[in-house]
Amino acid sequence: MPDTAAKTARGSCLCRGIRFEMTLPSRFCAHCHCNNCRRAHGAAFVTWIGFQNDQVRISCGTELVQRYRTDTDATRTFCSRCGTTLFYEGPRWKGEIHVVLANVDTPVDRKPAANVYVDHRAPWWEITDDLPRYGGESGTEKQ
Ligand SMILES: [Zn+2]
Ligand SMILES: [Zn+2]
């Protein structure tokens, strides 16, 4: 079980050059199946945990941080040395930073609670969990 007493969670990239901290509580945790997440991460889907941007701090390795602005005006942050994808910031969720849960090294305060952008999921991926599903054009309409 997550240690809910911990007030801070910590994460890092694959080469450990970038380390970051998040002040709990988080705002949400969900699996995203959108095209851009799948491509940017090379994965069937990406599990995000969301925070207000003042809750996330890069504690080490700022010189390695690279940012890519997507065609949806979102910023995707990654490590320039090892390529690990780290954060998402987008105009639909102003003031928030979404953190890749796979790169968080310590317990957090919640588990994934939804699948979003389910209509965009990879044709070779079947969603098998019982979590609520959101999709449609916006990616967040209740199914
Ligand atoms: Zn790295
Ligand atoms: Zn996505």
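No value in this document is a laboratory result; all are computed from the given coordinates. Keep in mind that this is a model prediction, so the values were computed, not measured. So basically every Cβ, Gly included, is an ideal-geometry build from the backbone, and we count neighbours across all protein chains shown.
For Phe78, the criteria (1) farther than 18 Å from Lys111 by Cβ; (2) within 14 Å of ligand 2 (Cβ to nearest atom); (3) part of a strand (DSSP E or B) hold in every case but one, which is (2). Of all residues in segment 92-143, those satisfying the criterion of being in a helix (DSSP H, G or I), surrounded by fewer than 19 Cβ atoms within 10 Å (Cβ to Cβ) and either over 15 Å from the mean Cα position of the chain (by Cα) or of a type in the set (Gly, Ala, Ser) (or both) are Ala102, Asp119, His120. With respect to the stated conditions, Gly83 is within 16 Å of ligand 1 (Cβ to nearest atom) and among the small types (Gly, Ala, Ser).
Out of the residues in segment 23-58 that are polar (S, T, N, Q) and touching a helix residue (DSSP H, G or I) at 6+ places or on another chain (Cβ under 6 Å), state the one that is farthest from ligand 1 (Cβ to nearest atom). Across segment 23-58, the extreme among qualifying residues is Asn35.
Across segment 9-47, the qualifying residues are those that are free of Cβ contacts under 8 Å to residues at least 60 places away in the same chain and either part of a strand (DSSP E or B) or on the phi > 0 side of the Ramachandran plot (or both), and the one among them that is nearest to ligand 2 (Cβ to nearest atom) is Val46.
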